[in-house]
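Inspection log for the structure reproduced underneath, given as structure tokens.
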Amino acid sequence: MSKAAQNTRRIFTGVDSSGAVPIEYRFSHARNGNRHLVVVFANFTAPGEYGWSNGVLDKVRSNILWIRDLFDGANTYYLCKGMDFSLEQSVAGLISRVMGALSLSPDEVTMFGSSKGGSAALFFGLKYGFRNIVASVPQFLIGTYVKEGIPGAAKVMMGEVTEHNVRTLDSVLPDLVRSGANPAANIYVITSPQDEQYKRQVEPFIGLFQGRENFNFVYNDSPLITDHGKVTLRNLPTIMGVLNLLVDGITPRIGMVRNGYEQPDRDASAIDMFLTQTSQVRDDDSFPKPVVLTPAPEERVPANAVRFTGTALGAVRVSFWQDGKYQGAAPVGADGTWVWERTSPWAKGRHVIRLFAADANNYQTERTEVVFTAVEHAADPLPEYVPAPPPPPRPAQRLALTVTAPAAHQQVAGPVVGFAGYAPGAVRVDFQEGGVGLGTCDVRADGSWVWEPGWAWNEGDHFVEAIAVDAVGNASPWTAVPFSMTRSAYGVPAQGAGYFNARY
């Protein structure tokens, strides 16, 4: 086996739909059972909107979770769509579920990113109480930056690009740092005076970190840095060094510490179950793989007259691949039928095509394989395509309720505790504890819901139950929401922790 092959990490892809917004991710297990998680946020030019996914992190010893920042065709800083911050809560929920599946605490997690990803690393690391934050060339005035330079992101994030919305997004990160949230975090901000964004986006805000014992400022004044993108590249050895030290439990400002944290034989069933349940590829009957009607198996077809037709129940598109290379895609009609023809003739000979269907949330089916042989060109053009009859309707789905916050058995900073989740098809969600009704909340058009009781909860363990109800009175099964209320979780002040205590 080549050295390059040995260094390549196995990557799992998935979509976590537990929150109001489905979040796409990639995950790679740690080497030798290392007990740490690095969460990677993407910059604006990241391939496929996954940051640092080109192999540069292959030698990082920890578990790695890459989170995709692509919603409605644009970037969002992992924060909001149309000023609705349920996107942020869905991202935080994914991180929490992966962390729980690995049996890790926030002290064993590092937030990492550059540029837009650096801003996200700072935001999520400070707000949600994670121990380590590595942010390369972040932007602090997020609203101003997207308004002036990334209009697509500005439109998706704000909906209506107004001065009020710009100021609101500009205040998100500075106000969070100013509040003193997560004072024990080990923070590493990497920048350069040669970065054209430095004077406006970084320098005015460095003073906000004054008084934090574990704030580290890496300031690269190299003449070889000529623009924003070069800062991270010039600091790559520093970034990799810091990441691996943090993974090993070593922070440069601390002396003697225990490192390693390897548990090669640790039970990985919880994270394996999470990866299976959220896999981007669905292997159950609820999303069947596409059916190919033409060409027939092993059919001989004129090279200039190859037409693929078929059905894909519940999908919006079908993608075609040969020898691992993308060949094209076809939209799926409302009746479930699709048709695809390549613009150029096929090479003569035998072809093996693999195809899969994807739905609106980018979940994928298992692969279908079709084999045909391309022969001499046909003299006559292909006849007009007549769609196949529509497939039978899908059976009605049972009403289901998902609670995304608080997570099961989560320690929640009080005294106010908020609840959130997803209940597609329902109109309201009711809550009770010990058989006593607590309240109710409406379900939004997209199926998401948020309930804030507005009272101070007693410290200690709570066992709340929730049920979703639709417009005609049908109800989901009761869902248990066990949690523990504390005045301060993981050392984060109550006003800076939790999902609902921050206001924008």
| field | Test for Thr294: is it under 21 Å from Phe27 (Cβ atoms), out of contact with any helix residue (DSSP H, G or I) (no Cβ under 9 Å at 6 or more places or on another chain) and at pLDDT 60 or above | value | no
| request: Restrict the check to segment 204-216 and report whether at least one residue is under 27 Å from Phe71 (Cβ atoms) and either part of a helix (DSSP H, G or I) or among the small types (Gly, Ala, Ser) (or both). | output: yes
| Where residues in segment 323-344 are under 30 Å from the mean Cα position of the chain (by Cα) and open to solvent by less than 30 Å² (accessible area, probe 1.4 Å), which of them is modelled with the lowest pLDDT? | Gly328
| message | Please determine whether any residue of segment 493-503 is more than 23 Å from the chain's Cα centre (by Cα), closer than 30 Å to Gly125 by Cβ, at pLDDT below 80 and surrounded by 16 or more Cβ atoms within 10 Å (Cβ to Cβ). | response | yes
| field | Of residues in segment 401-426 being under 13 Å from Ala480 (Cα atoms) and not in a strand (DSSP E or B), the one modelled with the highest pLDDT | value | Leu401
| request: Please find, within segment 201-229, the residue that is farthest from the chain's Cα centre (by Cα) out of those that are modelled with pLDDT under 85 and open to solvent by 80 Å² or more (accessible area, probe 1.4 Å). | output: Pro223
| query | Among (1) open to solvent by 30 Å² or more (accessible area, probe 1.4 Å); (2) in a loop (DSSP other than H, G, I, E, B), where does Gln139 come up short? | reply | (1)
| Residues (touching a Gly at 6+ places or on another chain (Cβ under 7 Å) and open to solvent by 10 Å² or more (accessible area, probe 1.4 Å)) located in segment 11-20 | Ser18
| remark: Going through segment 280-291 in order, the residues found to be open to solvent by 90 Å² or more (accessible area, probe 1.4 Å) and modelled with pLDDT under 80 are Asp283, Asp285
| request: Specify which of the listed residues (Thr404, Thr440) is closer than 19 Å to Lys127 by Cα, in contact with a strand residue (DSSP E or B) (Cβ under 6 Å, 6 or more places away or on another chain) and among the hydroxyl-bearing types (Ser, Thr, Tyr). | output: Thr404
| query | Residues of segment 299-314 being of a type outside the set (S, T, N, Q) and modelled with pLDDT under 90, which ones? | reply | Ala303, Ala305, Leu313, Gly314
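Go through the residues of segment 143-150 one by one and say whether even a single one is open to solvent by 10 Å² or more (accessible area, probe 1.4 Å) and of a type in the set (Gly, Ala, Ser).
Yes, because at least one residue in segment 143-150 is open to solvent by 10 Å² or more (accessible area, probe 1.4 Å) and of a type in the set (Gly, Ala, Ser).
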| field | Residues located in segment 58-102, provided they are of a type in the set (Lys, Arg) and over 14 Å from Phe27 (Cα atoms) | value | Lys59, Lys81
| query | Taking segment 427-466 as the region of interest, how many residues are open to solvent by 20 Å² or more (accessible area, probe 1.4 Å), in a strand (DSSP E or B) and in contact with a Phe, Trp or Tyr (Cβ under 6 Å, 6 or more places away or on another chain)? | reply | 4
| Residue list for segment 162-183, filter: closer than 12 Å to Lys127 by Cα and assigned to a loop (DSSP other than H, G, I, E, B) | Ser179, Gly180, Ala181, Asn182, Pro183
| Here is a list of conditions, (1) touching a His at 6+ places or on another chain (Cβ under 9 Å); (2) surrounded by fewer than 17 Cβ atoms within 10 Å (Cβ to Cβ), and Arg307 meets all of them except one; can you say which number that is? | (1)
| query | Do you know which of the residues in segment 169-178 that are buried (at least 16 other Cβ atoms within 10 Å of the Cβ) and not acidic (Asp, Glu) is nearest to Thr76 (Cα to Cα)? | reply | Leu169
| How many residues are within 20 Å of Ser18 (Cα to Cα) and open to solvent by 10 Å² or more (accessible area, probe 1.4 Å) when one looks only at segment 87-122? | 9
| Residue check for Val166: open to solvent by less than 20 Å² (accessible area, probe 1.4 Å) and β-branched (Val, Ile, Thr) | yes
| query | So, of the residues in segment 21-62 that are among the small types (Gly, Ala, Ser) and surrounded by fewer than 24 Cβ atoms within 10 Å (Cβ to Cβ), which turns out to be farthest from the chain's Cα centre (by Cα)? | reply | Gly33
| Can you find a residue in segment 350-362 that is more than 10 Å from Arg317 (Cα to Cα), loosely packed, with under 13 Cβ neighbours inside 10 Å and either more than 31 Å from the chain's Cα centre (by Cα) or of a type in the set (A, V, I, L, M) (or both)? | yes
| query | Restricting to segment 48-69, what's the tally of residues that are of a type outside the set (A, V, I, L, M) and under 20 Å from Ile150 (Cβ atoms)? | reply | 7
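Modelled with pLDDT under 85, under 23 Å from Gly19 (Cβ atoms) and open to solvent by 20 Å² or more (accessible area, probe 1.4 Å), is that true of Ala480?
Against the criterion (modelled with pLDDT under 85, under 23 Å from Gly19 (Cβ atoms) and open to solvent by 20 Å² or more (accessible area, probe 1.4 Å)), Ala480 does not qualify.
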| field | Answer residue from segment 267-279, given it is surrounded by fewer than 18 Cβ atoms within 10 Å (Cβ to Cβ) and among the polar types (S, T, N, Q) and is nearest to Glu369 (Cα to Cα) among those | value | Ser279
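The values are calculated or read from the model by the stated rules, or taken from the named source; none is laboratory data. Computed from a predicted model, the values in this text were never measured in an experiment. No Cβ is skipped: glycine too gets one built from the backbone with ideal geometry, and neighbour counts run over all protein chains shown. Keep in mind that these areas ignore ligands, DNA and RNA; they rest on the heavy atoms of the full protein, side chains included. Shrake-Rupley method; radii C 1.70, N 1.55, O 1.52, S 1.80 Å.
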